[in-house]
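Step one of this worksheet: look at the structure below.
The values are calculated or read from the model by the stated rules, or taken from the named source; none is laboratory data. Source: prediction; values computed, not measured. When we count neighbours, we look across all protein chains shown, and the Cβ atoms used for this are built from the backbone with ideal geometry, even at glycine. Note: accessible area is taken over every heavy atom of the protein model, side chains too, but ligands, DNA and RNA are not part of it. Shrake-Rupley method; radii C 1.70, N 1.55, O 1.52, S 1.80 Å.
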Amino acid sequence: SPIERSHAVSCAVLVLFIMSGQQSRKSFLACLSLLVFSISESSASVSGECLADAGCPTLTAPEQAIPSPVVVDLATVPAQLLSLAKLSDIESGPGVTRLIFTDSDAAGRAYVRSLMEKAELVVREDAMGNIFGRWVGSEPTLPAVGSGSHADAIPNSGAYDGTLGVLGPIEAIAALKRAGFKPKRSIEALMFTSEEPTRFGISCVGSRAMASKLDPVYLDSLTDILNPDHGSFRNAALKAGYANNTLNTKDMLSQCSLGDYGAYYDSFLELHIEQGPELEEENLSLGVVTAIAAPAALRCSFTGDGGHAGAQLMHRRNDALIAAAELSSAVEKFALDTKSNDTVATVGVLKVGPGAINSVPRTADMEIDVRDIDGERRDKVVSKIITRGQEIAKKRNVRWSYEIVNADPPATCAPKVANAIEAAAKKLKLSSKRMVSRAYHDSLFMSEVAPTGMLFIPCHKGFSHRPDEFASAIDIKNGVEALALALASLSLA
């Protein structure tokens, strides 16, 4: 090997020096020069080879190209997050409320664009309001590397959900630029439109459209809670300045599609607060997501005959609420029966009519959420719920109806993205673990567009979707620096 040859040459040089009798300083310097030359020549023959027997790792070309350190200022992103949080539909009161296509949403969009422009990214917006900021790589025709999340916020929520994943990539790109990194693939920061279901009753509108997973007829059928009589998503988008060059909703969705798998993005990575307590409780810096759970949503109703609470005797009643209560208990049991922590089921809505203390409940309308990273296991729970609903209706002499609103497939994260995150964590000497995401994210649909992964940072007590949602400055810094290194690695692939 080159190392062995260098050792042999070194020994020969030393022998010559001894044979010279050490008679002059000139002879010593000549021998030393020959020794240095022999070592440099042999080491240059193999790039990255370590001459000492010290277990030095071989550096690949991409590792050599990624700068170190990539430094993110401790205060920058937290300050930006708080500035964005001030742009709320409700100026006074706790938390952040920022529904899609409202005035505060427009202000938030302008703020995000300004940060992209400050970072000297090429900014564009599509027909639905998804915002892209691209750092053009040395080979711009290759599929890019993407990273982003959402900035819309449910009523009275926090300052970190989604927004960290919007602002983090912009600062990650800025940090890579400061470090002198040059990407091969373009790196793109993005902000998805309408991830939260608050205004139109559907999650992840923007990413669904990118993945061609949204039906235009269904989108047009959804109620706009801010304009229930005449509103639609496209009308709201038009009013906000989007979709102007589209003929109809079908055309709008078509313009937002990113095409075949791997055509637009070579990989995608979303930075997010965990929205759970595991990382904080285990004192870990980063979470490497391996799978994203997806929900199946059911709407179901029990209908009885009602009656006066005093005059209707117990044995004559067919109480809709009692039927719903029995089904609610069964929902919990079916989830527990799977023996998996990844299966969760929730009765999130229960509306009772007529809703008077002196009236036997005549109607009970339920909305049930079942989630899992295993689609087959989740769907078995859904099937059991439907069967039990029918059985309860027959037993209690009430009418029963149900509708499966959606059943999106869970996503498995791409190994190459997870590996890039873990390599970044190792380089930064940050603790991490592999984990699943039990919350819904745009990455679920981006996994239909390109190899996708997620990077979690801890959040205080796991709190999210509430005003006291919080992530520390050091955890944010760690997350953005890890994101930067992972994006750099993926851009060189």
Select from the stretch 113-134 the residues that are under 22 Å from residue 233 (Cα atoms) and in contact with a helix residue (DSSP H, G or I) (Cβ under 9 Å, 6 or more places away or on another chain) and write down the one among them that is surrounded by the fewest Cβ atoms within 10 Å (Cβ to Cβ). 125
Could you please let me know if residue 262 is on the phi > 0 side of the Ramachandran plot and assigned to a loop (DSSP other than H, G, I, E, B)? yes
Being on the phi < 0 side of the Ramachandran plot, surrounded by 18 or more Cβ atoms within 10 Å (Cβ to Cβ) and touching a residue at least 40 places away in the same chain (Cβ under 8 Å) is the requirement here; does residue 364 meet it? yes
All conditions in (1) under 18 Å from residue 97 (Cβ atoms); (2) buried (at least 21 other Cβ atoms within 10 Å of the Cβ); (3) not hydroxyl-bearing (Ser, Thr, Tyr) are true of residue 197 except (2)
What are the pairs, 6+ residues apart or on separate chains, where a residue within the stretch 135-150 that is touching a residue at least 12 places away in the same chain (Cβ under 8 Å) and open to solvent by 10 Å² or more (accessible area, probe 1.4 Å) has its Cβ under 6 Å from a residue that is part of a strand (DSSP E or B) and of a type in the set (A, V, I, L, M, F, W, C)? 135/187
Could you check how many residues of the stretch 436-459 are under 21 Å from residue 472 (Cβ atoms) and at pLDDT 95 or above? 7
Filter result (surrounded by 15 or more Cβ atoms within 10 Å (Cβ to Cβ), over 26 Å from residue 309 (Cβ atoms) and of a type outside the set (D, E, K, R)) within the stretch 331-349: 331, 334, 335, 338, 343, 344, 345, 346
Pairs, first in contact (Cβ under 8 Å) with a residue 40 or more places away in the chain in the stretch 167-193, second buried (at least 24 other Cβ atoms within 10 Å of the Cβ) and of a type in the set (Phe, Trp, Tyr), C-beta under 7 Å, six or more apart: 173/135; 183/135; 186/135; 187/135
Kindly indicate whether residue 453 is of a type in the set (Gly, Ala, Ser), open to solvent by 10 Å² or more (accessible area, probe 1.4 Å) and in contact with an Asp or Glu (Cβ under 8 Å, 6 or more places away or on another chain). no
Meets criteria (small (Gly, Ala, Ser), buried (at least 17 other Cβ atoms within 10 Å of the Cβ), in contact with a helix residue (DSSP H, G or I) (Cβ under 6 Å, 6 or more places away or on another chain) and closer than 30 Å to residue 440 by Cβ) for residue 291: no
Out of 301, 267, I need the residue that is part of a strand (DSSP E or B) and in contact with a helix residue (DSSP H, G or I) (Cβ under 7 Å, 6 or more places away or on another chain). Which one? 267
Could you list, ordered by first residue, the pairs with Cβ atoms under 6 Å in which the first is in the stretch 305-321 and open to solvent by 50 Å² or more (accessible area, probe 1.4 Å) and the second is part of a loop (DSSP other than H, G, I, E, B), at least 6 apart or interchain? 305/318; 317/360; 321/361
In the stretch 241-258, what residues are part of a loop (DSSP other than H, G, I, E, B), buried (at least 16 other Cβ atoms within 10 Å of the Cβ) and touching a residue at least 60 places away in the same chain (Cβ under 8 Å)? 242, 243, 246, 258
Collect the residues in the stretch 201-211 that are open to solvent by less than 10 Å² (accessible area, probe 1.4 Å) and in contact with a Leu (Cβ under 8 Å, 6 or more places away or on another chain), keeping them in residue-number order. 204, 205, 207, 209, 210
Taking only the stretch 242-259 into account, find how many residues are within 27 Å of the chain's Cα centre (by Cα) and not charged (D, E, K, R). 11
